1. Hey, does the stretch A:35-43 have a residue that's within 10 Å of another protein chain (Cβ to nearest Cβ) and outside any helix (DSSP H, G or I)?
2. Tally time: how many residues in the stretch C:188-211 are assigned to a loop (DSSP other than H, G, I, E, B) and at pLDDT 95 or above?
3. Just for the stretch C:161-186: of the residues that are touching a residue at least 40 places away in the same chain (Cβ under 8 Å) and within 12 Å of chain A (Cβ to nearest Cβ), which one is most open to solvent (accessible area, probe 1.4 Å)?
4. Using the structure shown, decide if B:Val231 is away from ligand 1 (no atom under 16 Å from the Cβ) and not in a helix (DSSP H, G or I).
5. For the stretch B:101-124, what are the residues that are among the charged types (D, E, K, R) and facing another protein chain (nearest Cβ under 8 Å)?
6. Among the strands (runs of 3 or more DSSP E) confined wholly to the stretch A:189-240, which include 1 or more residues that are at pLDDT below 95 and within 18 Å of A:Ser64 (Cβ to Cβ)?
7. From the list C:Pro189, C:Pro224, which residue is more than 23 Å from the chain's Cα centre (by Cα), at the interface with chain B (Cβ under 9 Å from one of its Cβ atoms) and of a type outside the set (A, V, I, L, M)?
8. Just to be sure, is C:Glu219 within 26 Å of C:Met112 (Cβ to Cβ) and assigned to a strand (DSSP E or B)?
Amino acid sequence: MTYTAPVKDISFVLNKVIGLREIAKLEGFEEATEDMVGAILEESARFTGEVLAPLNSVGDKEGSTWSESGVKTPEGWKDAYSQFVEAGWGALAFPTEYGGQGLPMCVSSAVQEMWHSANMSFGLCPLLTQGAVDAIHHHASDELKDRYLPKMVEGVWSGTMNLTEPQAGTDLAAIRTSAEPAGDHYLIKGTKIFITYGEQDLTENIVHLVLARLPDAPEGVKGISLFIVPKFLVNDDGSLGERNDLKCVSIEHKLGIHASPTCVMSYGDNAGAVGYLVGKEHHGLMYMFTMMNQARHAVGVEGYGIAERAYQQALSYAKDRKQGQTLLGKSEDDQGIVNHPDVRRILMTMRSSIEAMRGLALECAAAFDIAAKHPDEEVRARCQRRGELLTPLVKGWSTELGVELCSLGVQVHGGMGFIEETGAAQHLRDARIAPIYEGTTAIQANDLIGRKTARDGGQGLMELMADMTETLGQLEKADNTNLKAIAKRFKVAMSSAEETGKWMLGQNDATMPSATSVEFLMMMGRLAGGWMIARSAVAANQLRSEDGADTPFLDAKIMLARYYAERMLPLVESGKTIITESAESTVSVAVDQL
Amino acid sequence: MSILILAEHEGGEIRPATLNVVAAAKAIGGDISLLVAGLNASSVAEAAAKIDGVAKVLHCDDAAYEHELAENLSALVVSIAEGYSHILFAATAAGKNVMPRVAALLDVSGISDITDVVSEDTFIRPIYAGNAMATVKSADKVKVVGVRTTAFDAVADSGGSAGVETVAAVAANDQVSFVGQELSKSDRPELTSAEIVISGGRGMQSGDNFVMIDEIAAKLNAAVGASRAAVDAGFVPNEYQVGQTGKVVAPNLYIAVGISGAIQHLAGMKDSKVIVAINKDEEAPIFQVADYGLVADLFDALPELSKALDG
Amino acid sequence: MKILVGVKRVLDYNVKARVKADKSGIELANVKMSMNPFDEIAVEEALRLKEAGHAEEVVVLSIGQTQSQETIRTGLAMGADRGILIETDDLLEPLAIAKLFKHVVEKESPGMVVLGKQAIDDDSNQTAQMLSALTGMSQATFASKVEVDGDHLNVTREVDAGLETIRVKSPAVISTDLRLNEPRYAKLPNIMKAKKKPLEVIAVADTGVDVSSGLSVVEVNEPPEREAGVIVGNVAELVDKLRNEAKVI
Ligand SMILES: Cc1cc2nc3c(=O)[nH]c(=O)nc-3n(C[C@H](O)[C@H](O)[C@H](O)COP(=O)(O)OP(=O)(O)OC[C@H]3O[C@@H](n4cnc5c(N)ncnc54)[C@H](O)[C@@H]3O)c2cc1C
Ligand SMILES: Cc1cc2nc3c(=O)[nH]c(=O)nc-3n(C[C@H](O)[C@H](O)[C@H](O)COP(=O)(O)OP(=O)(O)OC[C@H]3O[C@@H](n4cnc5c(N)ncnc54)[C@H](O)[C@@H]3O)c2cc1C
């Protein structure tokens, strides 16, 4: 099944909803004009559609394989990766001083959606490299940056993130991997599990970022340091030296993303793996947190990226497949199941949800972009708050909803959806990891109510609500019945969310909000997504009156928003009931009663 | 009205395409002259004189015309163009190479690939890979036209008795020379004029597997064609390509095997009288134009078909 | 040597053309437009010749609406050095296009012009031949291989019966066929650099070239539809139908 990147939809969000033009006015982002970004999106669409997408099913069937000599990626992977590097796609958002293009995050996120739609297993390799580059760029010494960043930015070396250990998953305080000082470096020993692309045959070198403890480290999260541990040591002239004392001892057999090797990594089986400290001792976890927002955002993009692929496949099947007389088909030739109203419901749910998620992710990225470059400190701070607030929504809500949508995609295919040959099942299997890694949904929910809401006394949330109120005003003012219909549901949803938020903040016993925090995360995700799709309706409505307007396209945008408002926003209302009423029963049955 | 046609010939024989162009000329109406340019081509000129409907044959014998070089042919056509209301070419590789030059030298528009004659100055031609048919009208003093051969039924190559006149050669262009050619040898009929065509696509998987197609082609006296994907993959040579940018065919029977039916391919075969598609994917667009569709693995279906044709 | 390449903005080859309700042409508003695929091959060939040291500069020329600048930028992103747009809102005939190319050839004196063998919108297959005729530059159409040999080119051409090779003296006009090369993907840094490369815009009127045409489009219609066929159960049934129903074998 092919993939055609929805360039027109993505451009619409960037240009007409989040206001790329404003971002391109910021110093350092001058390149990101609408026509430049348009050209980038077009070429990315070609590359992902023609090179990455055809490898998606090959990757699933063949998977990456392990042997003593290393990990072999599926047929065609290596060639595609070198084309990817050659074309410079990995370097999109990286700093220009290390060879990147320095484009805004909203643009790189738009491009990355295409990687994940086309081939999520493939997209993970550059995604992890990006995380590692961010960490090194922000926290490592200039010497380390100069040594590692150029090749990583170029993509000829990849990066990995080594957090998880058998006993330390969500709770990173339990990390045991050790680091012994040894002159200008450290010797690392320990086992890391679930390391994505911990070993592969795509790049010359792999730069592992490893969390480990120094001998004198304090207990818990405050005693963890971050190290660069390269697969091959790097000589002073930049050439590759000796093989480091680390290896991939096995890879996992998984539900999905078969082509992305998930590695058990063993460090220091012999003398100890040579590692270089990033930043200061014992600050490792803090460094991880500063870049966590980007990584989590990227996984959220994965969530709707994969849903977009599932949607395209479902839509194409629904047009072709015929079963019985449909209610909506206009002629004998027009009897695809797409014309059964319930199949429409599924497709509308998929499409409108994807647009809501895309809008939210790009809005969040744009907030970080402004936070990074705006001249006014207050604006920067406000946008940073906004970006941070939206991040757990992008990660938590979009990945969970992504799984649901991929499941709906299977449903559209009927029995064929359950058959692997069709390809719809792969998307569902692949999508399932996204709510787990980079912090499970529960952790996103904790982040939302803890760090992102309670800590600033709800300031970020209040600012968000104020912006939503402004959009509500625009909807209500518009001379368009569809926009008025959206306004009606949006208003109710907003007040439900507000009341729920007050309830959450008013609880003395932490157990209560915690029991329903994921519900709250979903509620806020749905509402914020609704806000974004409502803004796209407002924009579409304005553009409709312009000369030569693409009316069918704009009308569809408005109707998708209305569907979302009428079908998804009521879940915000019911969310209020669930959150405020079910907390007690959730935790009142004792474990031995379960 | 008087119409000049550049005749195509090879190996001492008129190419069938020329007979279709004469048919188009008859549809326009008027005196038809055929220009036969070549080296030692008097036998061709004689054969041309017998073509039904031809009033006059102009014969030019010179080494300059041995290899259909566009520069030389166009200069010759222009040298005798005076007085003609129409100058027609077959829309073959050779004809397409010359027609636009003649038009440009006469400072008139070229009209490519006509499939129908509405009147002496109005023609129909496919655009956008045949997804639309344009009706175009020419106000030029002379209409320089390429004729899609499959759209006009060939006239008889006998029955006529035109006179043959000799015309003088034009000095050969010295910037261009013919080096050589690599023509595929085949016992099969020529693709664009065959009654039956069987084509293979990417689904054939290899050039070797085309043996299965050849076998059936031999039994049906059919020509063998291919999709672009099959040509690009190197299964068969370029001259097999049927489609918008390859050859246009319109046989009585076209059998598409392992071809998905992209619009670019359909553009080259959808005017065939009967279309058969063999494809394992029941959703393949080729089935939308097929009169008879067989959803099957070609590796089962082709041997079966070959056997069934023996019976 | 300088190479001039023609790039035309056309309806993307994946998009099905739809005839306008008033039969005046094809619906082009709000549909995806791209560089004519044969022109991508032309740009690629020019770049390869430059990379092999046979040319110093690759100039892309488009004739069309303002939006054709995007098509030129695509060529610049692939690696061409400079662009020229001759701007017009009219759909010009190949003869007018060839005359405008000639105008540019006279100004730029390229050693080679590379054009696509046809544009996939009007399917004319005329411009290269016309340009050669108008300028006296050598003609080598439907090229599947181009070899530079001093001031000559050896060009292998796709013809109806196979391949033929001709030798032409430079300067020459080449038209590309599908097997000439496989166009590259633009690299991200080049996409970004493309914006800074020079792009000159000239109005048709300022060229002084007469672009009037004797040819006019009366109307555009949908092609006749084929009647729906049947799916047969097996090979035996197929052969039976072909023999006894369609009577074609
Ligand atoms: C395919 C794959 C790739 C991965 N790639 C990487 C990688 O590249 N690098 C890396 O370091 N790690 C990676 N991981 C590990 C991944 O990040 C962890 O699996 C994830 O963080 C969860 O940790 P865990 O598996 O130990 O689950 P646990 O932490 O044991 O969680 C089990 C359940 O308990 C819940 N839970 C735990 N703590 C809390 C809490 N405080 N509040 C509420 N609920 C809680 C969780 O939500 C979850 O439902 C990968 C995992 C997989 C499967
Ligand atoms: C500028 C341009 C010009 C073009 N010009 C032309 C042209 O002139 N002619 C042309 O043909 N194309 C042309 N194309 C290409 C066209 O778009 C398609 O890519 C091409 O026609 C596809 O060829 P195909 O059907 O063989 O391959 P595919 O589309 O890959 O289809 C292969 C088919 O084989 C079937 N199949 C596979 N295995 C089996 C099996 N074992 N049994 C039965 N069926 C099987 C599959 O189901 C599939 O339907 C052009 C494209 C462009 C951009």
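The values are calculated or read from the model by the stated rules, or taken from the named source; none is laboratory data. As the structure is a computational prediction, the values presented were derived from the model and not from experiment. Backbone-built Cβ (ideal geometry, glycine too); neighbour counts: all protein chains shown. Heads up: the accessible areas ignore ligands, DNA and RNA and are worked out on the full protein's heavy atoms, side chains in. Shrake-Rupley method; radii C 1.70, N 1.55, O 1.52, S 1.80 Å.
1. no
2. Here is the first cut: in the stretch C:188-211, the residues assigned to a loop (DSSP other than H, G, I, E, B) are C:195-198, C:208-211.
If we keep only those that are at pLDDT 95 or above as well, we get C:197-198, C:208-211.
Within the stretch C:188-211, residues that are assigned to a loop (DSSP other than H, G, I, E, B) and at pLDDT 95 or above number 6.
3. Taking the stretch C:161-186 and keeping what is touching a residue at least 40 places away in the same chain (Cβ under 8 Å), we get C:170-178, C:180-184, C:186.
Retained after the next criterion (residues that are within 12 Å of chain A (Cβ to nearest Cβ)): C:182-184, C:186.
On the way: C:Glu182: 149, C:Pro183: 33, C:Arg184: 65, C:Ala186: 5 Å².
Per the stated criteria, the residue is C:Glu182.
4. no
5. Initial filter on the stretch B:101-124 (among the charged types (D, E, K, R)): B:101, B:107, B:113, B:116, B:120-121.
B:Arg101, B:Asp107, B:Asp113, listed by residue number.
6. On the way: elements: A:205-212, A:225-230, A:232-234.
Of the strands (runs of 3 or more DSSP E) lying wholly inside the stretch A:189-240, none has at least 1 residues that are at pLDDT below 95 and within 18 Å of A:Ser64 (Cβ to Cβ).
7. Numbers: C:Pro189 fails: at the interface with chain B (Cβ under 9 Å from one of its Cβ atoms).
Matching residue, one of C:Pro189, C:Pro224: C:Pro224.
8. Values: within 26 Å of C:Met112 (Cβ to Cβ): no; assigned to a strand (DSSP E or B): yes.
It is false that C:Glu219 is within 26 Å of C:Met112 (Cβ to Cβ) and assigned to a strand (DSSP E or B).
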